[in-house]
1. Using the heavy atoms of the protein chains alone and a 1.4 angstrom probe, what is the accessible area of segment 9-93 per residue in square angstrom?
2. May I ask you to rank Val96, Val132 by accessible area, largest first, using a 1.4 Å probe over the protein chains only?
3. Skipping prolines and chain starts, which residues have an amide H placed within reach, meaning under 5 Å, of the one on Thr74, given they are 5 or more residues away or on another chain?
4. With all protein chains present, how much of the accessible area of segment 73-154 (probe radius 1.4 Å) comes from carbon and sulfur, to the nearest whole percent?
5. Would you mind working out the magnitude of the charge dipole of segment 45-140 relative to its Cα centre, with +1 at each Lys and Arg C-beta and -1 at each Asp and Glu C-beta, to the nearest 20 Debye?
6. Counting Lys and Arg as +1 and Asp and Glu as -1, each charge on the Cβ, what is the dipole of segment 1-109 about the Cα centre in debye, to the nearest 20?
Amino acid sequence: QLAYNTKYTATLTQKIQAANYAGSTMNSDYVWSFVTESDTYSPDGSIAINNGAAYTNSSAVTLNLSATDHGRITGYFISSHSNTPLASDPDWISVVPTASFRADIQHIVSSEKGNKTIYAFYKDTLDNISSVSGASITLDPDFVPSDLSILKHKNRVRREKKEKGVAIMNTSANCSE
């Protein structure tokens, strides 16, 4: 794959023989250059918080970042505002250049109860910046994730079954005497 906005030079040397019975050769090297088109495409990106969860009970969240580009993604920018940052802003986080970027990063939101919205931007090697991508989550310190509720419920049911089983054994033992 050729890079965008790059000059390439190709050379056919005179040592190349024609594919004919005469074995013809070129009289001199043939050299030509060309420049590939400029990358005017902005990266496409997205963000999710805690894999798309609606609620969290912790101000420590995981941002699920993903972006693709015709060239190479070189950085991402996380903000609590939807204003597009300048490519020169020092808060860009650099990444190893790649056409397909994916990362899960830890992030701290304010500890006040309520809705939290986080925005992500991505840039490529030519400083094309993506459109804004945003995601929201509600911080509620009293929120109990559903998988924990199910686990608590299963443990309670197991405990109740075990207690009932003991009661039945005791009753059976009393009946046989």
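1. Here the per-residue accessible area is 63 Å².
2. The ranking, largest first, comes out as Val96, Val132.
3. Residues meeting the amide H criterion: Lys123, Asp124, Thr125.
4. After summing per-atom areas, the C and S share lands at 52 percent.
5. 140
6. So the dipole magnitude of segment 1-109 works out to roughly 300 debye.
The values are calculated or read from the model by the stated rules, or taken from the named source; none is laboratory data. Computed from a predicted model, the values in this text were never measured in an experiment. Glycine also receives a Cβ, built like all others from the backbone with ideal geometry; neighbour counts cover every protein chain displayed. The protein model used for the area step is the full one, side chains on, heavy atoms only, and it has no ligands, DNA or RNA in it. Shrake-Rupley method; radii C 1.70, N 1.55, O 1.52, S 1.80 Å.
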